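Worksheet: one structure, shown below.
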Amino acid sequence: MLLLVASIGCPIQVLAQMNISGKPGLIYVPSAEIMDDGTFSIGYNYNPINYAFKYNKTNSESIAYVNLALLPRLEVNLNLLNANGDIAFKRKGIGDRQVDVKYAILTERAKRPAVAVILSAPFGVDNSLLTHAIVATKHTPVTRSINAAVTVGYGSPYTVGRRTNQNDILSDFRFLDKKRDLQYNYLVGPFGGVSLNFARKGGVMAEWDSQHLNVGAYTTLFNHWTIQAGLLNGEQLTVGTSYKVNLLRSQKQVRTSKPTYSATKTRSDGEVLGSNSERNVLLDYENLAVDSTNRRVYYEQRLYRNPFTGIVKLADPLAGQQINEFVPLFQGVPIARYRVGETLTAGTLSKQERADYAVAHPFDSRNYKLDFRIQPEFIAQFGFREQTVESKTNLLLQSQLFLSRGLVLNWGVLVPLINKLDNQPLNVRPAPTFLNQFLALDGRNFLSLSAGLFYNDQYGVNAQYRHADVNSNWSYGVESGLTGFYYFPESGFYYESLNHLLLLADVAYRIPKRDITVKVSGGQFLRQDRGARVDVIRQLGNVEIGFFAVKTGNGTTGGFNFAIPIPPGRIAQSQRLRLRTSEEFRWEYAYTRGYNIAGRYKVGYQLDALLRQYQGSYLQNQYR
């Protein structure tokens, strides 16, 4: 229902400035403006000492935030408030972690304002920027280059929060009256303001934040970077900056370079290789085989996280041979077929077609480069007062040895950089080293079998099965593994017995219009922790962002994860050798720490995440 409502109407375009907590707005006051779908912003605000929320009259505050337009009418905001300077030991910690959701009830029309509700999640303890408000915003042109936006709203004086941090974020709630129970009363009662934007280059603003009259100004540089400042109650200065980018538009340049396939577009020599630039493009691909009869090309590419980029970049060098069907390989195994023309269509490969390909193109490891990739690894959790952030940072130099079709040996070297997480010594040691066999049983059923030393200090065996059709919204799978703990001390190798059984099953449904996947999984996680998990994942061009909630015997928590490409990609390359950054960096954060809730380890890839990248609708949406 929410998605149906979100698809009706067109949200107004946000100008630039972000309020104190990282939402579109003025200085303290939020507005009803919703950023364009897929817009991501990150920023920082300084809050002065006399107007600090949690540390009023004792410390100024720093507020860091990220904000994402997850849907055309829906924004998710994460902000973190910390004191500047020394504070009492008992008040030390990572800071106030807060999650806010903003939903546009009405979009702006000629005779009506935009109206939005903003709600803070009740998972935090003693949050400072709790917001439960309804707000309306209306834009009015003053001149050709000056636009005015008027915002009014009301903030509820009541809220819900938790008393203590425990292993269950859905427990220990309490009802709060902000004026009675909290020393800070952010957005309590009526608020409003006016902003004037000058030719989309900057503006001025004035607001009543329910307690004080504030004025400010901002400027936008290079269409992405905003710098803003405000004077609070005519007394103290607040400053901030933010940077925003639309993740869906990151593929615009590739989309607009659609190849044109026509019978008249040929080269005189009829060869695949043409200009030097085309040769350089083809050098990025491995195990490339052209089937001129069927106007089809088989290829493998390990540079781009997004398969769409690989397809479109390969299309132009092959246009002279009228190739319009692309079959990407993974570890030498065909995934599916994609036909490119005025539109992009996807289809499965039958068992016979796969068998024919295997006969026509026997496996040859010489078709692959000696490919070295640089992979950063960052493991972190919020710690205790002595060490508010516990983290471990490593740099991995990894490679793959192709043994047969679908079978590779993953190996490499791990260089530790920082370790403030555990007692692992800072010794150079082998990176996770394991065998992986990828199998396509047919066009819809896939297997991944792994054995060796995995990530997260687990060794053993792992098997994943998934039923996934590139044109179906439904998929399901199972995963099982038997592992034990290992690590490399400064000399030798330490390991424990195989005593961790992992057994999970899941079902996922895809909403193709927005590239959203809803996945429900359950079973036994590590350390005999049994329960269920729900993931909501959105693919935004080259980036993937997800939110999850999990409940097991060890507790209840939630969090987010993301996967992003790592620039610059290719660093140096020849016909047989390549050095590059890894195609993606994937990271996950859970709100609750220390209870081993839904613990698991990582192999080279999760089968569902891999196959999700090849969904027909995901690639079609980028080709429009």
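Below, the figures for the structure above:
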| item | result |
| --- | --- |
| Whole-angstrom gap from the range 345-423 to the range 142-207, using each part's C-alpha centre | 44 |
| Local net charge near L447, Cβ-Cβ under 15 Å (Lys/Arg +1, Asp/Glu -1) | +2 |
| Gain in span if fully extended, V239 to N367, counting 0.36 nm per residue against the direct Cα distance | 40.5 nm |
| Using θ = phi - 60° and Karplus 6.51 cos²θ - 1.76 cosθ + 1.60, couplings along the range 18-31 (whole Hz; Gly, Pro as x) | 10, 7, 4, 9, x, 10, x, x, 10, 9, 9, 7, x, 10 |
| Net charge over other residues, Cβ less than 14 angstrom from the Cβ of V194 (K, R count +1; D, E count -1) | -2 |
| Difference of contour (0.36 nm per residue) and Cα-Cα distance, V359 to N56 | 101.7 nm |
| Vicinal HN-Hα couplings computed from phi for the range 53-66 (Karplus, 6.51 cos²θ - 1.76 cosθ + 1.60; Hz; Gly/Pro x) | 7, 8, 10, 4, 6, 10, 8, 6, 10, 10, 10, 9, 7, 10 |
| Global form of the range 334-467, assessed from the alpha-carbon gyration tensor, a/c cut-off 1.5 | prolate |
| Extension gain from L579 to L409, taking 0.36 nm per residue of separation minus the Cα-Cα distance | 59.4 nm |
| Net charge of neighbours whose Cβ lies under 14 Å from the Cβ of L403, counting Lys and Arg as +1 and Asp and Glu as -1 | +1 |
| Inter-part distance where the range 60-119 and the range 439-476 are each reduced to a Cα centre, Å | 37 |
| Whole-percent carbon and sulfur share, accessible surface of the range 439-574, 1.4 Å | 61 |
| Order by protection proxy (mean Cβ within 10 Å, highest first), peptides 205-215, 29-39 | 29-39, 205-215 |
| Most to least packed among 349-360, 573-584 [average Cβ atoms within 10 Å] | 573-584, 349-360 |
| Structure-based [θ]222 nm, the chain - -39500 (n - 2.57) summed over DSSP H runs of at least 4, per residue, nearest 500 | -2000 deg cm²/dmol |
| Expected-Rg normalisation [2.2 N^0.38 Å, Cα atoms] applied to the chain | 1.05 |
| Value of relative contact order over the range 63-176, rounded to a whole percent, pairs C-alpha under 8 Å and six or more apart | 17 |
| Subset of K392/K551; K102/K244; K23/K178; K23/K57; K102/K420; K54/K201 violating a 28 Å alpha-carbon distance limit | K102/K420; K54/K201 |
| In sequence order, calculated HN-Hα J values of the range 37-52 (Karplus, 6.51, -1.76, 1.60; Hz; x Gly/Pro) | 3, x, 7, 10, 10, 9, x, 9, 10, 9, 10, x, 4, 6, 10, 5 |
| In the range 55-128, trypsin sites (Lys or Arg not before Pro) in a DSSP loop with at most 16 other beta-carbon atoms within 10 Å | K57, K92, K111 |
| Degrees, to the nearest 10: 351-360 long Cα axis against longest axis of the chain | 60 |
| Among 284-293, 169-178, 139-148, 457-466, the order from most to least packed when residues are scored by Cβ within 10 Å on average | 457-466, 284-293, 169-178, 139-148 |
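The values are calculated or read from the model by the stated rules, or taken from the named source; none is laboratory data. Treat the numbers as computed from the prediction; the structure is a model and nothing was measured. Neighbour counts run over all protein chains shown; Cβ positions are idealised from the backbone, glycine included. Only protein heavy atoms, including side chains, enter the accessible area calculation; ligands, DNA and RNA are left aside. Shrake-Rupley method; radii C 1.70, N 1.55, O 1.52, S 1.80 Å.
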